[in-house]
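Student: Sharing a structure here in structure tokens format.
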Amino acid sequence: MMRFASTRVVVVGGGGGIGSRIAERFIDEGARAIVLDLPRGDSSRESDAETEPARRILHCDLVDVASVEAAFAAARAELGGIDVLVNSAGILARGSLLDLTPERWDLVMDVNARGTLFAMQHAARAMIEQGTGGTIVNIASMAAKAGGADEGAYAASKAAVVGLTRAAALEWGEHQIRVNSLLPGYVLTDMGKDTRTDEDVATWSKKSPLGRLGTPDDVAGFALFLASTDGEYLTGQSFNVTGGMIMH
Ligand SMILES: NC(=O)c1ccc[n+]([C@@H]2O[C@H](COP(=O)([O-])OP(=O)(O)OC[C@H]3O[C@@H](n4cnc5c(N)ncnc54)[C@H](O)[C@@H]3O)[C@@H](O)[C@H]2O)c1
């Protein structure tokens with residue numbers, strides 16, 4: 001199926017994990033997609049383009065608002081507009097609330113919450129000027145609802161993403177911009193891999209009635225559904241993608 005022929009897609013955080021799969025699947029279905037992400041090691045935009053010709057990667061650091069503005073301006077110019085934005089960039093900083101420092105709190109909130117806000121703002125401005133509506137999908141987390149021991153800043157930042165999603169849906173609905181969040185449970189990506197043990201994976205898997213963790217495709221499939229015409233009447237919602245780990 002080519003549901004997204006001629007659709008212009010920006011995936012923030014599409015250089016890794018879930019966002020990478022989302023970008024790939026949009027391209028597979030005909031979209032033109034640009035990824036905004038931190039540079040990978042020594043890789044430049046050109047070398048990324050060589051290895052992944054269909055997926056342009058532009059440098060963007062969500063902590064730096066000027067970098068976000070420049071990256072969106074470049075993406076918009078290259079694509080000729082923006083129809084779909086996916087915010088998948090995020091960081092997880094583990095540590096108890098008692099040990100949480102102002103610096104760690106600021107970093108997690110800047111990337112996960114403030115970064116999502118300004119990415120949405122740039123995309124929405126483009127969509128409003130185009131006058132053709134659009135779709136924004138924010139990747140939040142189950143932690144927005146369930147919290148998370150030793151993940152206080154992360155959980156708060158993801159709850160902020162859910163709140164921003166609702167506010168944006170209310171403010172931009174008149175422009176036919178739909179804004180929704182996905183709340184994944186556990187997905188095996190680079191996120192958290194340094195502290196994740198085989199025992200953790202076994203324990204977390206049992207939390208799902210389906211007995212397994214999520215995959216990037218589980219999240220990507222839902223993101224594409226939301227951006228498609230089948231999702232046309234959905235906005236302001238936060239959908240669990242947890243294999244039933246939470247049901248509220
Ligand atoms: N993996 C999970 O279990 C899980 C669960 C729930 C929610 N999520 C959320 O899904 C999203 C994707 O996570 P993932 O599992 O693919 O993780 P990941 O670490 O594989 O990918 C995250 C991406 O965000 C980018 N990024 C980080 N800081 C950035 C910054 N300052 N500026 C620009 N880009 C930045 C990284 O470079 C990376 O490409 C995140 O928002 C995460 O919080 C993940």
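The values are calculated or read from the model by the stated rules, or taken from the named source; none is laboratory data. As the structure is a prediction and not an experimental result, all values here were calculated from the model. Cβ coordinates were reconstructed from backbone atoms using ideal geometry, including for glycine residues, and neighbour counts include every protein chain displayed. Surface areas here come from the heavy atoms of the whole protein model, side chains and all, with no ligands, DNA or RNA. Shrake-Rupley method; radii C 1.70, N 1.55, O 1.52, S 1.80 Å.
Student: Hey, does segment 176-197 have a residue that's assigned to a helix (DSSP H, G or I) and either among the hydroxyl-bearing types (Ser, Thr, Tyr) or at pLDDT 95 or above (or both)?
Tutor: Checked against the condition, which is being assigned to a helix (DSSP H, G or I) and either among the hydroxyl-bearing types (Ser, Thr, Tyr) or at pLDDT 95 or above (or both), segment 176-197 yields no hits at all.
Student: Among the residues of segment 7-30 satisfying the criterion of being surrounded by 24 or more Cβ atoms within 10 Å (Cβ to Cβ) and either away from the ligand (no atom under 14 Å from the Cβ) or at pLDDT below 95 (or both), which is nearest to residue 127 (Cα to Cα)?
Tutor: Among those that are surrounded by 24 or more Cβ atoms within 10 Å (Cβ to Cβ) and either away from the ligand (no atom under 14 Å from the Cβ) or at pLDDT below 95 (or both), it is 9.
Student: Would it be correct to say that residue 205 is open to solvent by less than 100 Å² (accessible area, probe 1.4 Å), in contact with a Leu (Cβ under 6 Å, 6 or more places away or on another chain), among the small types (Gly, Ala, Ser) and at negative phi?
Tutor: yes
Student: So which of 193, 158, 206 is under 18 Å from residue 19 (Cα atoms) and without any contact (Cβ under 8 Å) to a residue 24 or more places away in the chain?
Tutor: Of the residues listed, the single one that is under 18 Å from residue 19 (Cα atoms) and without any contact (Cβ under 8 Å) to a residue 24 or more places away in the chain is 193.
Student: Return the only residue of 169, 153 being within 16 Å of residue 87 (Cα to Cα), crowded, with 18+ Cβ neighbours inside 10 Å and small (Gly, Ala, Ser).
Tutor: Matching residue, one of 169, 153: 169.
Student: Tell me, which residue of segment 114-153 that is of a type in the set (S, T, N, Q) and touching a residue at least 40 places away in the same chain (Cβ under 8 Å) is farthest from the ligand (Cβ to nearest atom)?
Tutor: Checking each candidate, the answer is 132.
Student: Starting from segment 235-246, take each residue that is assigned to a strand (DSSP E or B) and list its partners that are among the β-branched types (Val, Ile, Thr) and at pLDDT 95 or above, counting only C-beta distances under 6 angstrom and pairs at least six apart or across chains.
Tutor: Listed by first residue and then by second, the contacts come to 238/162; 240/246; 241/219.
Student: How many residues are farther than 30 Å from residue 131 by Cα, away from the ligand (no atom under 13 Å from the Cβ) and part of a loop (DSSP other than H, G, I, E, B) if we restrict to segment 70-112?
Tutor: The qualifying residues number 3.
Student: Got at least one residue in segment 219-234 being open to solvent by 40 Å² or more (accessible area, probe 1.4 Å), within 25 Å of residue 150 (Cβ to Cβ) and within 12 Å of the ligand (Cβ to nearest atom)?
Tutor: no
Student: Consider residue 213 carefully, then state whether it is in contact with a strand residue (DSSP E or B) (Cβ under 9 Å, 6 or more places away or on another chain), more than 18 Å from residue 91 (Cα to Cα) and either more than 16 Å from the ligand (Cβ to nearest atom) or of a type outside the set (Val, Ile, Thr) (or both).
Tutor: Yes; evaluated as a whole, the condition is true for this residue.
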